[in-house]
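Please read the structure below before turning to the comments.
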Amino acid sequence: MLLADELIKKGVLKNPRLIEAFRAVDRKKFVPDDLEGFAYRDEPLPIGEGQTISQPWTVAFMLELLDPQPGENILEIGYGSGWVTALMAHCGANVYAIERIPQLCEFGKDNVENFLATQRKEFRDSIVKFYCQDGAKGLPEIAKRVGGFDKIIAAAAATILPPAWKDQLKIGGKIIVPIEHSIFLFTKRGHNQFDEREYSGFAFVPLVEEN
């Protein structure tokens, strides 16, 4: 697909598994109907309720850091259009996706389910679950059941790393999250012990927490 080729040429998309996912998961199927003609542009697009589907370059950058693997349990905060959810599912990961805006809960869920219904069986074996609630709290019951999430990715900018995400990540796992105008990679080395790397120069919608 042309979008994947463009991202490869720009040097941001390198991982063979992610290249395959970007070729298979058509971004056009995850934008509002009136914006389908803009789906292959390397820019964010509005999806309603003040939210956007992120710029493809940024999505590729974050997923390259995340490196989703088959069988991993990944917590996704702010699934919005569902495009990133579908990309990770195509990589074979089990995705537990949270969105707090009711209209987008249905929009993204429908997009992902429609996509998965068209795929060969091996790409439908991933577990994909949707939750319409506050993402800052994570999913403690699911985290306990799976022994901690392998990875966590967020699509909205936090002011600090939510404590619930730290607790629900297994040791050795990683979190990819925007904080203010940077993307951070946190790697859990022990109980409440994290290494971090910062990549600056990004813009995201804010993470909204419920009181």
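Of the residues that sit in segment 97-115 and are in contact with a helix residue (DSSP H, G or I) (Cβ under 7 Å, 6 or more places away or on another chain) and hydrophobic (A, V, I, L, M, F, W, C), which one is nearest to Gln51 (Cα to Cα)?
Ile98
Have a look at Val12, Val84 and point out the one that is surrounded by 24 or more Cβ atoms within 10 Å (Cβ to Cβ) and either more than 11 Å from the chain's Cα centre (by Cα) or in contact (Cβ under 8 Å) with a residue 12 or more places away in the chain (or both).
Just one listed residue meets the conditions, Val84.
Return a yes/no flag: does segment 97-119 have any residue that is part of a loop (DSSP other than H, G, I, E, B) and either farther than 19 Å from Glu20 by Cβ or aromatic (Phe, Trp, Tyr) (or both).
Yes, that holds for at least one residue.
Conditions tested, residue by residue: (1) surrounded by fewer than 24 Cβ atoms within 10 Å (Cβ to Cβ); (2) touching a Phe, Trp or Tyr at 6+ places or on another chain (Cβ under 9 Å); (3) free of Cβ contacts under 8 Å to residues at least 24 places away in the same chain; (4) of a type in the set (Gly, Ala, Ser).
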| site | (1), (2), (3), (4) |
| --- | --- |
| Phe38 | yes, no, yes, no |
| Gln51 | yes, no, no, no |
| Leu65 | yes, yes, no, no |
| Glu99 | no, yes, no, no |
| Cys105 | yes, yes, no, no |
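For segment 45-57, name all the residues that are among the hydroxyl-bearing types (Ser, Thr, Tyr) and outside any strand (DSSP E or B).
Passing the criteria: only Ser54.
Of the residues Asp150, Asp167, Asp195, which is charged (D, E, K, R) and touching an Asp or Glu at 6+ places or on another chain (Cβ under 6 Å)?
It is Asp150.
Please work out if Ala60 is more than 24 Å from Lys166 (Cα to Cα), in contact with a helix residue (DSSP H, G or I) (Cβ under 6 Å, 6 or more places away or on another chain), among the aliphatic types (A, V, I, L, M) and not in a loop (DSSP other than H, G, I, E, B).
No.
I'm trying to understand the selection: among the residues of segment 42-85, which are within 25 Å of Pro102 (Cβ to Cβ) and of a type in the set (Phe, Trp, Tyr)?
The answer is Tyr79, Trp83.
Name the residue, out of Ser81, Ser126, that is assigned to a loop (DSSP other than H, G, I, E, B) and over 25 Å from Phe184 (Cα atoms).
Ser126
Would it be correct to say that Leu116 is surrounded by 24 or more Cβ atoms within 10 Å (Cβ to Cβ), out of contact with any Asp or Glu (no Cβ under 8 Å at 6 or more places or on another chain) and not basic (Lys, Arg)?
In short, no.
What is the residue count in segment 12-44 for residues that are farther than 22 Å from Cys105 by Cα and part of a helix (DSSP H, G or I)?
Within segment 12-44, residues that are farther than 22 Å from Cys105 by Cα and part of a helix (DSSP H, G or I) number 11.
Just the residues that are out of contact with any Pro (no Cβ under 9 Å at 6 or more places or on another chain), surrounded by 14 or more Cβ atoms within 10 Å (Cβ to Cβ) and in a loop (DSSP other than H, G, I, E, B), please, taken from segment 153-183.
Leu161, Pro162, Glu180
Rule-based calculations on the coordinates, nothing more; no lab input. Bear in mind the structure is a predicted one, so any value in this text is a computation, not a measurement. Backbone-built Cβ (ideal geometry, glycine too); neighbour counts: all protein chains shown.
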